[in-house]
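Scroll down for the structure; my scribbles are underneath it.
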Amino acid sequence: MSTYRIKSLLLGLLVTSQLGQLSAAEKPNIIWIFSDDHSYQTIGAYGGHLQKLNMTPNIDRLAKEGMRFDRCYVSNSICGPARAVLLTGKHSHLNGKLDNRGGFNHDQQNFAKILQKNGYQTAMIGKIHLNGKMQGFDYWDVLPGQGKYNNPDFISAKGKEKNTGYVSDVITDKTLTWLKDQRAKDKPFMLMMHHKAPHRNWTPAKRHMTKYADIEIPEPPTLFDNYEGRGTAAHKQDMTIDKTMRLVQDLKVKKGGTSEQYAKRNKYYEEHNPTGKDLVKWKYQLYMKDYLRCIWAVDESVGKLLDYLEESGLSKNTIVMYCSDQGFYMGEHGWFDKRFMYEESYRTPLLVRWPDAVKPGSVNTDLVQNIDFAETFLAMAGVDAPEEMQGESIVPLMKGKTPEDWRKSLYYHYYEYPGPHSVRKHEGVSEKRFKLIRFYGRDVPNGEEWEFYDLEKDPSEMKSQYSNPEYQGEVERMKKELTRLREYYKVPEKK
Ligand SMILES: [Ca+2]
C-alpha cells in the first residue's frame with residue numbers, strides 16, 4: 001500500500017467522521033456526465049487549433065468554474081471496456097471486460113453498490129454498453145448496446161421502451177425528470193448522465209444540420225501522415241478517413257432527401273467527383289462538421305443541466321464532472337476512431353466543478369487515469385474504497401494538494417485484435433515525457449514490436465526512438481517500469 005493510499009484512508013476516516021455529523025442533505029451530490037468518443041481537441045477549454053470555433057460554451061463553464069485535468073488517460077481506449085473500468089476501478093484484465101465483444105459480470109463489486117450501501121441514491125441514464133441488468137443503481141434507464149441516434153429504445157428494470165426524439169435530448173429529459181420528480185429528496189445522490197454522442201456515425205439533431213455549414217474547419221498538420229518512423233501497427237491499421245470512412249454510411253452522401261444538407265453533399269459529390277487528397281479533405285470537413293454538431297447537442301444538454309442546478313439551488317452542494325470514455329482522432333495521422341496508445345485516443349477530457357473545494361479556473365497536470373474514477377466518487381462521499389480497486393482517489397488533486405509521492409507512470413493495454421479497425425494488441429507505459437509501447441501477438445512481425453516516444457520533442461509521436469542509441473538508457477528504464485507496473489496491477493503472464 002502506497003503512502004498516499006494510507007494518507008487517503010486516514011483522510012477518508014476523517015471525512016467519514018465529519019460526514020457523520022452532517023445531515024444527509026449536506027453530503028455532496030455527484031453528477032457524472034460521460035460522453036462517448038468526445039476528444040479533448042473538440043472542447044474549447046482545452047485550447048488547440050479548433051478552439052476558435054467556440055464548440056462547447058457550456059462544457060467550458062465547468063472548466064471556468066472548476067478544474068481542467070490535462071493529463072487524464074484511459075487504460076484501454078475503447079467503449080465497453082472503458083465503462084467497465086469506470087464501474088469497477090480495475091484494469092480490464094481483472095474486471096474481465098477486455099474488448100467490446102466480451103461479456104461483463106455485473107455481480108462483481110462496483111462503486112455504485114458501495115455508495116448505495118452508504119446512503120446514496122444512485123442513477124444511471126444513457127449509454128453503458130455493457131450487457132445485462134445494472135447493479136448498484138436505484139434507477140437505471142440505458143440504451144441497449146450502442147443505442148440509436150433517433151427514436152431510441154431504452155432498457156430499464158421494467159423492460160424495453162421506445163422513445164421519440166433525438167438521443168441526446170431524450171437522455172437530458174430523462175435526467176432532468178429524475179432530478180425534479182423521481183429521486184428521493186432526503187438522500188444525497190450519484191447521477192450518471194451518459195451520452196451516446198458523438199459516437200460514429202455522427203448523426204446530428206436535425207436542428208443543428210446547418211451549424212458550421214459555411215466555415216472551413218482547420219486541418220491537423222498530420223492529416224496526410226505516411227506513418228514513416230513508426231512500426232507495423234500504425235501502417236496496417238484500418239481507420240483512415242481516406243480508406244475506412246464510408247461515404248454513404250458514415251458521411252451520408254447519397255442520402256439526399258433526409259435533409260437539405262445531405263442532399264447538398266450528394267450534389268457536390270456527383271458534380272465534382274473528388275479523388276485523392278481532395279476527397280480526403282472533403283471527407284474531413286463533412287466528418288468534423290457532423291461530429292461537432294453532435295457535440296453541440298451534448299453541450300446544450302450540459303447547459304440545461306447546469307441551469308437547472310442553479311435554479312433549483314442544487315448547484316452549491318453538487319459536484320459536476322465531465323469526461324469521455326476515451327479520446328478520438330480528429331484527422332490526426334489521417335485517422336478517426338481510437339484504440340491506440342498514441343495521445344489523441346489515450347488521453348481523455350476531465351473537468352470538475354466543486355464549489356468551495358475546487359479552485360475556479362485551475363489546471364492539473366498530474367497523471368490520472370480512468371481506474372481512479374470509482375475511488376474518487378467514493379472519496380467524495382467519504383466512503384473507503386475496497387482494496388481490490390486499483391486506482392487512487394484524485395480528490396486531493398482536485399483540492400490542489402497532490403501528494404508528493406503521486407504516481408509517475410501509467411499502464412495501458414488494448415486487446416481487440418483481430419477486430420474492427422485492425423489495431424494490433426498492445427500494452428505500454430507512459431510518463432509525462434516518455435512513452436514505451438509493445439505491440440504483440442498475431443500479425444506483428446516476430447510476435448513483438450516496440451515503439452518509444454519523447455513527447456517533449458515529438459508531441460505528435462511521428463518518430464519512434466526505440467532504436468536510437470541516445471535513448472537506450474531511457475528505453476531500458478521504461479522496460480523495467482513496465483515490468484513493475486505489470487506486477488503492481490497483477491497483469492497475467494505475457495503473451
Ligand atoms: Ca467510446
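Laboratory data are not the source of any read-out in this text; all were calculated from the coordinates shown. Note that this is a predicted model, so its numbers are computed, not measured. Because the Cβ atoms are built from the backbone with ideal geometry, glycine has one as well, and the counts that use them run over all protein chains shown.
Here is how the numbers come out for the structure above:
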quantity	calculated
Residue (of 239, 47, 123) at the positive-pole extreme of the chain, dipole from beta-carbon charges	123
Cα-only Debye scattering, the range 412-455: base-10 log of I(q)/I(0) at q = 0.14, 0.24 Å⁻¹	-0.33, -0.81
In nm, spacing of pseudo-spin labels at residue 470 and residue 405 (7 Å Cα→C-beta vector)	3.5
Projected-area mean, the chain, by convex hull of Cα positions, square nanometres	22.5
Residues whose placed amide H lies under 5 Å from that of residue 124, excluding near-sequence neighbours	139, 140, 141, 192
Percent antiparallel among DSSP beta bridges (both partners in the chain, rounded to 5)	55
Cα lying deepest toward the dipole's positive end in the range 329-478, options 336, 413, 397, charges on Cβ	336
Loop-exposed GluC sites (Glu not before Pro) per DSSP, neighbour cap 16 Cβ within 10 angstrom, longest uninterrupted part of the chain	1-215
Total charge dipole magnitude, the chain, about the Cα centre, Cβ charges on Lys, Arg, Asp, Glu only, Debye to nearest 20	860
P(r) of the range 250-294 over all Cα-Cα pairs, binned every 5 Å from zero, in whole percent	5, 24, 29, 29, 11, 2
Residue 364 long-range amide H proximity, modeled H, under 5 Å	68, 69, 70
Per-residue ³J(HN,Hα) for the range 398-403, Karplus 6.51 cos²θ - 1.76 cosθ + 1.60, θ = phi - 60°, Hz, x for Gly and Pro	4, 8, x, 10, 5, x
Sequence-distant aspartates and glutamates (8 or more away, or on other chains) whose Cα lies within less than 12 Å of residue 494	427, 448
Within the range 191-323: Cβ-based charge dipole about Cα centre, in debye rounded to nearest 20 (Lys, Arg +1; Asp, Glu -1)	480
Volume of the Cα convex hull of the range 411-488, divided per residue and given in Å³	105
Of 401/435; 64/187; 90/480; 304/432; 97/432; 162/211, pairs whose Cα-Cα distance is over 24 Å	401/435; 64/187; 304/432; 97/432; 162/211
Amide H contacts under 5 Å for residue 326, placed H, 5+ residues apart	37, 38
Furthest towards positive pole of dipole, 369, 182, 485, structure part the chain, Cβ charges	182
Karplus 3J(HN,Hα) series, Hz, for the range 360-365 with 6.51 cos²θ - 1.76 cosθ + 1.60 (x for Gly, Pro)	x, x, 8, 10, 10, 10
Unit charges on C-beta of K, R, D, E only; dipole of the range 323-378, Debye	100
Residues 413, 38, 93, 129 arranged by fewest to most Cβ contacts within 10 Å	93, 413, 129, 38
